[in-house]
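No value in this document is a laboratory result; all are computed from the given coordinates. No experiment lies behind these values; they were computed from the predicted model shown. Neighbour counts run over all protein chains shown; Cβ positions are idealised from the backbone, glycine included.
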Amino acid sequence: MSEFRPTHRPALGTKQTVSSAALRLSPLPEGTIIHVLAQPGEQDVVSFLGRFTKSPAHAVRPVSPGQWFIVHDEPMPHQEMKSLFATLEPRATGVDQSHGRVRIRIEGKMASRALSKGTAIDLDPSVFPIGQSAVTLIGHIAAHITRVGSEAFEIIVLRGFAESLWDDLARMSLEFS
């Protein structure tokens with residue numbers, strides 16, 4: 001057995017929250033992100049996944065037809081994740097994305113205006129209500145956006161692009177500082 005033990009460093013560990021009266025940009029805890037893929041033809045998987053959501057911190061985010069993210073603020077212990085994966089079978093398959101994706105929160109009365117500078121999604125609440133999600137580009141970076149409050153969004157991005165996206169979002173927010 002190897003003596004090598006990797007050191008976990010948060011992707012946005014050196015980034016400070018950007019905050020003003022109109023907008024707040026903050027890194028979210030690098031807890032757990034599980035990508036759930038339903039088996040073809042499975043029905044009512046959303047209700048099935050609902051039992052895994054205990055609070056907004058334990059949430060299901062739609063990704064695309066037959067796919068969701070389950071997000072937790074805290075890391076999920078190995079045995080608990082193994083049990084979750086066993087519970088999903090045979091209706092769906094879970095894939096741990098916790099070390100491959102990062103969550104960012106942008107909130108405030110100007111959050112949607114700042115985001116609109118980088119994405120083509122219509123973020124008006126009548127079109128993109130609370131709970132709505134979309135996979136899109138923010139600038140040149142693929143990201144998953146969910147409206148989590150009337151003036152709040154959660155963005156999930158691949159870990160390797162997190163710092164670049166953070167810098168882009170901070171620049172898009174400068175007008176509102």
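Each residue of region 80-88 was assigned a 3J(HN,Hα) from its phi angle through the Karplus curve 6.51 cos²θ - 1.76 cosθ + 1.60 (θ = phi - 60°); the sequence is 5, 5, 4, 5, 4, 4, 5, 5, 5 Hz, with glycine and proline shown as x.
Counting only DSSP H runs of at least 4 residues, each contributing -39500 (n - 2.57), and dividing by the residue count of the chain, the helix-based mean residue ellipticity at 222 nm comes to -5500 deg cm²/dmol.
Per residue, the convex hull spanned by the Cα atoms of region 55-99 measures out at 84 cubic angstrom. The 3J(HN,Hα) values that the Karplus relation (6.51, -1.76, 1.60; θ = phi - 60°) gives for region 134-141 are, in residue order, 7, 9, 8, 9, 10, x, 9, 10 Hz. Gly and Pro appear as x.
Counting lysine pairs in the chain whose alpha carbons fall under 26 angstrom apart, excluding pairs fewer than 8 residues apart on the same chain, gives 4.
Rounded to whole numbers, the Karplus 3J(HN,Hα) couplings from phi for region 100-112 are x, 9, 10, 10, 10, 10, 10, 8, x, 5, 10, 4, 5 Hz, using 6.51 cos²θ - 1.76 cosθ + 1.60 with θ = phi - 60°, and x at Gly and Pro. Counting only trypsin sites (Lys or Arg not before Pro) that DSSP places in a loop and that have at most 10 other Cβ atoms within 10 Å, the longest clean stretch of the chain runs over 55-177.
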